[in-house]
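Following: one structure in C-alpha cells, then a few remarks.
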Amino acid sequence: MEKQVIYKVAKEFTPTPGVRSPKEGNFSGEEFLSKHLYPKMVQAIEEKFTLVIDLDGTAGYATSFLEAAFGGLIRGCEADGLKAIDLNVAKKHLKLISHDDPYLEEEIEEYMQEAAVPA
Amino acid sequence: MKGKRQKAVLHQQKRSKKEAKRKLKRKNWLAKRLLMGLPKRPSFAAYIVKAPQVLSFINEPELLLDFFENLRLVCKPKRYVLLDLEDVTSISNDALLLLLTKLQNRNFLKGANILGSRPKCPKTREILENSGFFGIVNHKFDTGTNPIPVSNFMLAQRKHSKKVQPELAQAVIHEATKHLYGKVCEQPGAFRVIEEFMANTCWHANPNEPATERWWLTGFQGPLKDGFKTWCFALVDNGVGILESIELKGWLSAMDWLGFSKTNILENLLNGKVESRTGLKNRGKGLPSMKREFNRKRIFNLHIITNNVYANLAKNVYLTLNIPFSGTFVYFELISQSNGKTSDL
C-alpha cells in the first residue's frame with residue numbers, strides 16, 4: 001500500500017474557505033491551489049505517495065472555490081506557472097475525505113472531469 | 001504661524017459643528033411641520049411619498065418597488081422628501097433591509113434630504129426605531145465606511161461589504177444555529193448560498209469593474225412553522241441585476257430580443273443552462289448551486305428577485321414584475337426540523 005500524507009484544509013489552510021480568486025476575497029480557491037494543493041500534489045506524484053485531502057471541519061465550500069482548486073489542478077494555470085496534471089495521475093495520487101458534506105466528493109470529481117475535457 | 005493655523009482649524013471645526021446642528025434643527029422642524037399638515041415655507045421644495053400599509057419584499061414586491069420608484073422620481077439635489085410611514089401596519093426585515101440600502105445609496109437619492117414620519121402602529125414604530133432607521137433619515141449621516149450602525153433589531157444583524165467575507169458568512173450561520181439547535185454548528189448549504197451571493201455582487205453588480213457594489217446581509221428569527229423554529233436570511237445588492245449582467249446567446253437571446261418575459265432566462269440560469277458571459281465552461285456555477293442547495297433541502301423557502309423577475313422556488317413560481325428592481329435580492333430560510341449540519345464545533 002502506498003504511503004499516505006494527510007492534509008487537513010480546516011487546520012492548514014482555513015476553516016472558512018472563500019470563492020474563486022483573491023480579487024473577490026480571502027482564502028480563495030486559486031490561492032489554495034497555488035500555495036497548497038498543487039505543490040503537495042506534485043510532491044505526491046514525484047515521491048509516489050497518496051495525498052489525502054481532509055475537507056471536514058470547515059464552514060462549507062463555494063462551488064467556485066472547489067472548481068478553481070480541483071478543476072485548476074487538472075487544467076493548470078500558465079500565469080501562475082502551474083502545469084496541467086493528467087486526470088488519471090491526479091486521481092491515482094489523490095484521495096478525498098468528506099464526512100461532513102456527503103456531496104463534496106461527487107462535486108469535486110465532476111469539476112475534475114470537466115477540466116480534463118479541452119474547451 | 002503654527003498657532004494661527006491651529007486656530008483656523010479649530011474655528012473651522014466649530015463652524016462645521018454649528019452648521020450640522022443648524023441643518024438638523026431645520027430638518028426636524030420641517031418634518032414636524034409636514035406631519036402636522038402645516039403649509040411648508042415656499043422656500044422649501046418638500047415632497048411627500050406615501051408608503052404602502054404592508055412593506056414586504058417577499059410577499060408584496062410590487063408595492064415596495066412602486067414606493068421606491070415614487071421616491072426615486074422625486075429625489076433631486078437638496079430637495080426635502082418626507083417618507084410618510086404613518087399608515088404602515090407591518091414591515092418585514094427584508095423590506096427594511098432594502099429600504100435602508102436605498103436610503104444610503106447616493107445614486108438613488110441624488111442628494112435629496114430624506115425625512116421620515118413614525119408609523120401609528122406601535123409594533124411597526126418600534127421595529128423602525130430599533131433598526132436605526134430614524135437615525136438615518138432625520139439626521140445628517142455619513143455614507144462612508146459604516147453607514148448603518150450595527151444594532152440588533154428583532155434578533156437581526158445587518159452587515160455589508162464589497163468583497164466576499166467567508167468569516168462573516170460563518171458567523172451569521174452560527175448565530176442562526178444557536179437559535180435553531182441551541183448550539184453552534186455548520187450549515188454548508190447556507191454558507192455556500194451566502195458566499196455565492198457575495199461573489200455574484202462582486203462580479204455581476206457592475207460587470208465592468210469587480211467589487212464596486214456593496215452587498216448587504218441580514219439574518220433574523222422567523223416565525224414558527226408547524227412548531228419548528230426558523231431563521232431567515234436576506235441578501236441584497238443594488239447593482240445592475242443578474243439578468244442585465246449576462247450575455248444571452250442562441251434562442252434565449254432571440255426570446256429576449258422579441259420581448260418575451262425574462263422569467264425563462266432566470267429559470268434557465270438556475271438550471272445551469274445559460275453560459276457564463278466569460279464564455280468559459282468552468283464558470284457560471286454560482287446561481288445553479290443555489291437551486292441545488294434548495295433541492296438538497298439544505299436551505300428552504302428560497303426567493304430570488306432580480307430586474308423584473310420574481311422567483312419563489314418553494315412554490316416553483318416565476319413572475320414578471322411590472323416595476324423592475326435594479327439589483328439582486330435573495331431570501332432563504334433554515335428550519336430546525338432539517339439538520340443540514342456537518343460538524344459541531
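Quickly estimate the mean residue ellipticity at 222 nm for chain A, helices only: each DSSP H run with n ≥ 4 gives -39500 (n - 2.57), and the total goes over all residues, rounded to 500.
-9000 deg cm²/dmol
At a Cα cut-off below 12 Å, give the aspartates and glutamates reachable from residue B:262, other chains included and same-chain residues fewer than 8 away excluded.
By straight Cα distance, residue B:262 reaches B:244.
Using each residue's phi in region A:46-54, evaluate 6.51 cos²θ - 1.76 cosθ + 1.60 at θ = phi - 60° and report the 3J(HN,Hα) Karplus result to the nearest Hz, with x for Gly and Pro.
Couplings: 5, 9, 6, 10, 9, 8, 9, 9, 8 Hz.
Quick one: Karplus J couplings for region B:111-120, per residue in order, coefficients 6.51, -1.76, 1.60, θ = phi - 60°, nearest Hz, x for Gly and Pro?
x, 6, 9, 9, 10, x, 9, 8, x, 6
Residue B:88's amide H: which non-local residues (gap 5+, or another chain) put their own amide H closer than 5 Å, with H modeled 1.01 Å from N in plane and none for Pro or chain starts?
Amide H neighbours of residue B:88: B:120.
Residue-wise, which Karplus ³J(HN,Hα) couplings in Hz belong to region B:230-239, taking 6.51 cos²θ - 1.76 cosθ + 1.60, θ = phi - 60°, and x for glycine or proline?
After applying 6.51 cos²θ - 1.76 cosθ + 1.60, I find 10, 9, 9, 10, 10, 10, 9, 9, 9, x Hz.
Excluding residue A:109 itself, calculate the net charge of residues whose Cβ lies under 13 Å from the Cβ of residue A:109, where each Lys or Arg counts +1 and each Asp or Glu counts -1.
Details: positive: A:91, A:95; negative: A:67, A:105, A:106, A:107, A:110, A:114.
Counting the neighbours of residue A:109, the net charge comes to -4.
Over chain A, what portion of Cα pair distances is larger than 22 Å, expressed as a whole percent?
Details: 1801 of 7021 pairs.
Here the long-distance tail beyond 22 Å is 26 percent of all Cα pairs in chain A.
With +1 on the Cβ of every Lys and Arg and -1 on the Cβ of every Asp and Glu, and nothing else charged, how large is the dipole of chain A about its Cα centre, in debye rounded to the nearest 20? Spell out each step's value before the answer.
Working: 13 positive and 21 negative charges, 88 e Å.
Result for chain A is approximately 420 debye, rounded to the nearest 20.
How would you rank A:103, A:111, going from fewest to most other Cβ atoms within 10 Å of each one's own Cβ? Kindly include the intermediate steps, with their values, before the conclusion.
Numbers: A:103 15, A:111 23.
If I rank by nearby Cβ atoms, fewest first, I get A:103, A:111.
In the structure shown, do any of B:23/B:76; A:23/B:17; B:7/B:110; A:95/B:273; B:7/B:102; A:35/B:163 have a Cα-Cα gap over 28 Å, and if so which? Before the final figure, lay out each step's value.
Values: B:23/B:76 17 Å; A:23/B:17 39 Å; B:7/B:110 35 Å; A:95/B:273 31 Å; B:7/B:102 40 Å; A:35/B:163 21 Å.
With Cα atoms farther than 28 Å apart: A:23/B:17; B:7/B:110; A:95/B:273; B:7/B:102.
Say the cut-off is 30 Å between C-alpha atoms; which of B:120/B:178; B:27/B:178; B:229/B:291 go over it? If you can, show how the numbers build up before the last one.
Values: B:120/B:178 34 Å; B:27/B:178 42 Å; B:229/B:291 22 Å.
Exceeds cut-off: B:120/B:178; B:27/B:178.
Which length gain, in nm to one decimal place, applies between residue A:5 and residue A:109 when the Cα-Cα distance is subtracted from 0.36 nm times their residue separation? Please report the intermediate quantities before stating the final value.
Details: separation 104, 0.36 × 104 = 37.44 nm, distance 1.99 nm.
Stretched out fully, the residue A:5 to residue A:109 stretch lengthens by 35.4 nm.
Arrange B:57, B:294 by Cβ neighbour counts within 10 Å, fewest through most, would you? It would help to have the intermediate numbers written out before the result.
Working: B:57 26, B:294 19.
Least to most surrounded, the residues fall as B:294, B:57.
Sort B:198, A:41 so the one with the fewest other Cβ atoms within 10 Å of its own Cβ comes first. Please list the in-between numbers first.
Numbers: B:198 27, A:41 21.
Final ranking by Cβ density, sparse to dense: A:41, B:198.
Laboratory data are not the source of any read-out in this text; all were calculated from the coordinates shown. Computed from a predicted model, the values in this text were never measured in an experiment. Note that we place each Cβ from the backbone using ideal geometry, even for glycine, and neighbour counts take in every protein chain shown.
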